[in-house]
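S.K.: The following block contains the structure, expressed as structure tokens.
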Amino acid sequence: MAPAKPLALIHARIVDPGTGELREGGLLLRDGMIAAHLGPADRLPADTEVLDCGGKCLAPGIVDIGVKVGEPGERHKESFRTAGRAAAAGGVTTMVTRADTTPAIDSPETLEFAARRAAEASPVRLAPMAALTKGRQGREMVEIGFLQDAGAVAFSDGDHVVADPKVFQRCLAYATSLGALVMAHPQDPGLSAGAAVTSGKFATLRGLPAVSPMAERMGLERDLALVEMTGARYHADQITTARALPSLRRAREIGLDVTAGISIHHLTLNEFDVGDYRTFFKVKPPLRAETDRVAMVAAVAAGEIDIISSMHTPQDEESKRLPFEEAASGAVGLETLLPAALRLVHSGELTLPQLWRALSLNPANRLGLPQGRLDPGSPADLVLFDPDAPFVLDRTRLHSKSKNTPFDGARLQGRVLRTYVDGRPVHVRDGH
């Protein structure tokens with residue numbers, strides 16, 4: 001097979017999270033890599049294909065931490081094929097997948113199955129996480145070394161908190177010896193058990209079981225004490241309350257290797273969106289007060305919250321069409337992550353480079369991946385998008401098998417025009 005011709009993407013607004021710049025220019029792609037940055041006067045090789053981006057934004061592809069795919073066990077909710085298509089349509093070029101499958105990804109065999117299925121069916125990259133304990137039951141540590149060798153980029157039991165501090169300490173200590181990243185869900189499991197919303201006047205008026213925001217702070221402080229004890233590399237999957245930020249700051253001040261993330265739903269929605277018991281807005285942790293949402297956006301802008309993710313959690317209609325208290329938690333987000341996040345840009349709360357630092361560069365750096373940047377020699381995983389294109393979201397048109405999005409019917413701005421993985425287009429919007 002003849003090598004592909006070089007591709008020049010010209011007349012673009014380059015969103016560079018590494019330099020923090022938004023500038024006019026272009027990129028030259030060759031052999032699946034970014035070969036060079038282009039200026040208006042640069043000459044191109046004679047055989048170069050040229051795509052005029054028409055002034056639209058060109059940025060690194062999104063590295064989305066915490067994507068739930070139903071294989072194995074729940075393929076009716078989401079498969080690697082449908083998740084991969086949704087990711088490509090949303091500008092996500094690397095899915096960092098969770099281990100909360102049925103059965104859990106807790107052995108090299110199940111991890112290799114997931115990697116093989118993704119390679120066969122998904123047009124975007126897969127970076128799999130593995131469970132931290134066997135069956136995600138919080139009792140017995142997995143074989144971290146073997147799973148690392150099989151390709152696990154991090155270890156997490158998802159929203160199953162390892163309640164026994166001695167077990168969690170052992171996991172952290174062993175992970176430290178191997179340089180493995182542990183991702184945890186900061187939440188006191190006793191206080192948060194059975195909760196559907198955040199405590200407060202609204203929860204009381206709705207008569208729903210609630211959890212105090214202090215449960216997140218208490219869970220985080222326990223985790224950070226054990227991180228201090230063991231020296232582990234630690235990532236909090238979601239910090240959603242202002243009360244948890246001082247603990248995070250103190251951990252960094254004393255030199256702990258700690259990062260934190262948040263879902264796009266907690267940055268763009270609040271507790272009142274639950275409204276009349278709308279279960280598509282039931283997520284975990286529950287949506288917070290508007291004061292918390294505003295504080296979290298400011299924390300992203302300041303770099304205190306490092307990573308924004310979709311926390312893509314597909315649920316079928318039967319799981320959601322239930323009374324609020326009984327309905328399953330979670331929302332799909334691979335295709336809505338970018339347009340929802342652009343709300344924060346259009347409101348002036350974040351710049352495009354700040355947003356891409358949290359969507360691409362920081363998650364790639366935390367996981368040791370070469371993606372998420374525009375440096376020459378980096379993989380040509382890119383997204384071309386129009387940040388201003390308005391549309392009304394119709395959940396029935398999402399590529400995901402499950403359609404449980406809280407943004408159904410919402411007015412959004414921001415359309416993905418093209419998505420590239422290794423310099424090859426994996427998604428092209430009609431007419432682009």
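The values are calculated or read from the model by the stated rules, or taken from the named source; none is laboratory data. On a predicted model such as this, the values are computed, not experimentally measured, just so you know. We place every Cβ from the backbone using ideal geometry, glycine too, and count neighbours over all the protein chains shown. To get the accessible areas, we keep the full protein, side chains included, count just its heavy atoms, and leave off ligands, DNA and RNA. Shrake-Rupley method; radii C 1.70, N 1.55, O 1.52, S 1.80 Å.
S.K.: Which residues, counting only those in region 1-41, are modelled with pLDDT of 95 or more, over 20 Å from Asp422 (Cα atoms) and not in a strand (DSSP E or B)?
M.R.: Thr19, Gly20
S.K.: Kindly provide the set of residues from region 124-139 that are without any contact (Cβ under 8 Å) to a residue 40 or more places away in the chain and within 30 Å of Val426 (Cα to Cα), ordered by number.
M.R.: Listed by number, the residues that qualify are Pro128, Ala130, Ala131.
S.K.: Check region 42-52 and report whether any residue there is in a loop (DSSP other than H, G, I, E, B), under 26 Å from Leu361 (Cβ atoms) and touching a residue at least 24 places away in the same chain (Cβ under 8 Å).
M.R.: No, region 42-52 has no match at all.
S.K.: Looking for something open to solvent by less than 40 Å² (accessible area, probe 1.4 Å), at pLDDT 95 or above and more than 29 Å from Gly18 (Cβ to Cβ) - is there at least one such residue anywhere in region 266-278?
M.R.: Yes, region 266-278 has at least one match.
S.K.: Residues Leu147, Leu132, Leu172: which one is touching a Cys at 6+ places or on another chain (Cβ under 6 Å) and buried (at least 19 other Cβ atoms within 10 Å of the Cβ)?
M.R.: Unique residue meeting the criteria: Leu132.
S.K.: Give the residue that is farthest from Leu256 (Cα to Cα), with candidates limited to residues of region 407-416 that are open to solvent by 10 Å² or more (accessible area, probe 1.4 Å) and not in a loop (DSSP other than H, G, I, E, B).
M.R.: Arg411
S.K.: Something else: Identify the residue in region 419-432 that is of a type outside the set (A, V, I, L, M), in a strand (DSSP E or B) and in contact (Cβ under 8 Å) with a residue 60 or more places away in the chain and, among all such residues, is farthest from Ala86 (Cα to Cα).
M.R.: The residue in question is Arg424.
S.K.: Now for a different question. Search region 208-222 for residues that are of a type in the set (Ser, Thr, Tyr) and pair each with any residue that is buried (at least 22 other Cβ atoms within 10 Å of the Cβ) and assigned to a strand (DSSP E or B) when their beta-carbon atoms are under 8 Å apart and the residues are at least 6 apart or on different chains.
M.R.: Here the result reads Ser212/Thr198, each pair linking region 208-222 to a residue that is buried (at least 22 other Cβ atoms within 10 Å of the Cβ) and assigned to a strand (DSSP E or B).
S.K.: Please verify whether Arg233 is out of contact with any strand residue (DSSP E or B) (no Cβ under 8 Å at 6 or more places or on another chain) and either buried (at least 23 other Cβ atoms within 10 Å of the Cβ) or within 24 Å of Thr259 (Cα to Cα) (or both), treating the condition exactly as stated.
M.R.: no
S.K.: Quick one: what pairs do we get from region 149-170, first residue in contact (Cβ under 8 Å) with a residue 60 or more places away in the chain, second of a type in the set (S, T, N, Q), C-beta under 7 Å, 6+ apart or different chains?
M.R.: Gln169/Thr230
S.K.: May I ask you to list the residues in region 279-296 that are open to solvent by less than 60 Å² (accessible area, probe 1.4 Å) and not in a loop (DSSP other than H, G, I, E, B)?
M.R.: Within region 279-296, Thr279, Phe280, Phe281, Asp292, Arg293, Ala295, Met296 meet the criteria.
S.K.: Still on this structure: Give the residues of region 182-211 that are part of a strand (DSSP E or B) and either touching a helix residue (DSSP H, G or I) at 6+ places or on another chain (Cβ under 6 Å) or over 17 Å from Arg136 (Cβ atoms) (or both), sorted by residue number.
M.R.: Val182, Ala184, Val197, Thr198, Ala210, Val211
S.K.: Of everything in region 27-40, what is among the hydrophobic types (A, V, I, L, M, F, W, C) and either open to solvent by 90 Å² or more (accessible area, probe 1.4 Å) or in contact (Cβ under 8 Å) with a residue 40 or more places away in the chain (or both)? Give them in sequence order.
M.R.: Passing the criteria: Leu27, Leu29, Met33, Ile34, Ala35, Ala36.
S.K.: Give me a count of the residues in region 179-205 that are under 26 Å from the mean Cα position of the chain (by Cα) and loosely packed, with under 14 Cβ neighbours inside 10 Å.
M.R.: Total meeting the criteria: 3.
S.K.: Can you tell me which residue within region 150-169, out of those that are assigned to a helix (DSSP H, G or I) and open to solvent by 60 Å² or more (accessible area, probe 1.4 Å), is nearest to Leu220 (Cα to Cα)?
M.R.: Pro165
S.K.: Could you list all residues from region 1-16 that are buried (at least 19 other Cβ atoms within 10 Å of the Cβ), out of contact with any Ser or Thr (no Cβ under 6 Å at 6 or more places or on another chain) and not charged (D, E, K, R)?
M.R.: Leu7, Leu9, Ile10, Ala12, Ile14, Val15
S.K.: Give me a count of the residues in region 246-265 that are in contact (Cβ under 8 Å) with a residue 40 or more places away in the chain, in a helix (DSSP H, G or I) and open to solvent by less than 10 Å² (accessible area, probe 1.4 Å).
M.R.: Total meeting the criteria: 3.
Table: residues versus (1) closer than 21 Å to Ala380 by Cβ; (2) surrounded by 20 or more Cβ atoms within 10 Å (Cβ to Cβ); (3) modelled with pLDDT of 95 or more; (4) charged (D, E, K, R).
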{"site": "Asp47", "(1), (2), (3), (4)": "yes, no, no, yes"}
{"site": "Pro60", "(1), (2), (3), (4)": "yes, yes, yes, no"}
{"site": "Val67", "(1), (2), (3), (4)": "no, yes, yes, no"}
{"site": "Glu71", "(1), (2), (3), (4)": "no, yes, no, yes"}
{"site": "Arg75", "(1), (2), (3), (4)": "no, no, no, yes"}
{"site": "Ala83", "(1), (2), (3), (4)": "no, yes, yes, no"}
{"site": "Gly91", "(1), (2), (3), (4)": "yes, yes, yes, no"}
